[in-house]
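One structure is given here, and the rest of the page talks about it.
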Amino acid sequence: MIEELLTGGREPRPIYRLKVGNKDVTGRFQNRLIELTLTDNCGFEADQLDIELDDTDGLLDLPEKGVRLSLSLGWAHSGVVDKGTYKVDELEHTGPPDRLIIRARSAEMDGGLTTRRENSYVGKTISQVVQAIALRNKFTWLVGKKLADQVIAHVDQTGESDANFLSRLAKEFDAIATVKNGTLLFIPAGEPTSASGLTLPTVSITRASGDTHTFSIADRENYNGVKAFYQDTRAGMRGEVVIDASNATVVKEKPTPKGRKKPETVQANPNPDNVKVLRHTYASKSNAERAARSEWRKIQRGVASFTITLARGRAELFPSLHAKVSGWKPRIDNTAWSVGRVVHRLNGNGYTTTLELEIKPEALEELGTVAKS
């Protein structure tokens, strides 16, 4: 009813705005736009903007690579939402009929974040490490409260870019590291936090708002545990930690070079028959256990997935938000979801948003029998 009043009973009209610096260049794309696609990714995978234009009259000039485009998306009756700035790094002209495709990627990812560096952090908190990286890359920063004060015993950044290093650190802590709107974020996976640090409300999605959907459950027995190795140089000891389905640990400590051997501690399932082995050797037992737990939670999140294409695009949606769905099967509706990748698409058929949802680890058991429903 409210929407009808705002639109005068007419079908809502999607709109977009493109700027180069402070100059609005949207007019140059009018009557030529075939499709505009924005892919909003998690982590340090660069967000990508694709613009396909009609050049059948041959009058389009090829834009310069390196140009920065700022995009806003939305609806005529409700306004637009800022979707960030993107650097043009690829051009493609194809035909007939002649078309120009402009590809641009998130501007924050073209700076020092990809430069290889040498650093070592000993006894630092996550907050201190993230702050140091943010400052040298001229970003503001935000670290989730659950992670900020956790201490890293020892971690090296050897010939590794800041982006790769933070991605590796995030994987160890089951977190998301990314840059959004000039802010370096390091937050627990699935934690709905904006770049300003505000906790965001859960997104509600009804089946009536959807166009198509796909729900799937993978075989979660592919791995029934995760193993990580560590090398304690102070004690001269190499060990391994295994996280199994019951979230218990198995620790096996091998003899030191001097022949001394500490008692072997075994809890729960000592011999998981299909274990994923992490290739990295960690600097301490606690680091190894944390990495194994993180990887196990990641595997569990991938057990169930839910992809929804919204018939009417929602520009305010982005990765890491929590989502509440309704109108599908009860066990799907009762599951807590978090938003992964988001794809906004605007073309002659309208404006749609596709969401890739991931299940939270604590909700997995509720879905154990969903296939039988």
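Here are some conditions: (1) of a type outside the set (Asp, Glu); (2) farther than 14 Å from Ile126 by Cβ; (3) open to solvent by less than 40 Å² (accessible area, probe 1.4 Å). Val143 meets all but one. Which one does it not meet?
Val143 satisfies all of (1) of a type outside the set (Asp, Glu); (2) farther than 14 Å from Ile126 by Cβ; (3) open to solvent by less than 40 Å² (accessible area, probe 1.4 Å) except (2).
Mind checking which residues of the stretch 180-231 are touching a Gly at 6+ places or on another chain (Cβ under 7 Å) and at pLDDT below 70?
Once the filter is applied, which keeps residues that are touching a Gly at 6+ places or on another chain (Cβ under 7 Å) and at pLDDT below 70, the stretch 180-231 yields Glu191, Thr193, Ala218.
Taking the stretch 58-75 as the search range and keeping residues that are farther than 17 Å from Thr37 by Cβ and not in a loop (DSSP other than H, G, I, E, B), which one is modelled with the lowest pLDDT?
Only one residue fits best here, namely Arg68.
Within the stretch 76-127, which residues are part of a strand (DSSP E or B), surrounded by 18 or more Cβ atoms within 10 Å (Cβ to Cβ) and of a type in the set (Ser, Thr, Tyr)?
Thr85, Tyr86, Ser106, Tyr121
Which ones in the stretch 21-46 are within 18 Å of the chain's Cα centre (by Cα), at negative phi and modelled with pLDDT under 90?
Once the filter is applied, which keeps residues that are within 18 Å of the chain's Cα centre (by Cα), at negative phi and modelled with pLDDT under 90, the stretch 21-46 yields Asn41, Cys42, Phe44, Glu45, Ala46.
Just give me the residues in the stretch 21-64 being aromatic (Phe, Trp, Tyr) and either closer than 21 Å to Ala315 by Cβ or loosely packed, with under 15 Cβ neighbours inside 10 Å (or both), in sequence order.
Phe29
The values are calculated or read from the model by the stated rules, or taken from the named source; none is laboratory data. These numbers were taken from a predicted model, which means no experiment stands behind them. In this analysis, Cβ positions are derived from the backbone assuming ideal geometry, glycine residues included, and neighbour counts consider all displayed protein chains. The accessibility values were calculated without ligands, DNA or RNA, using every heavy atom of the protein model including side chains. Shrake-Rupley method; radii C 1.70, N 1.55, O 1.52, S 1.80 Å.
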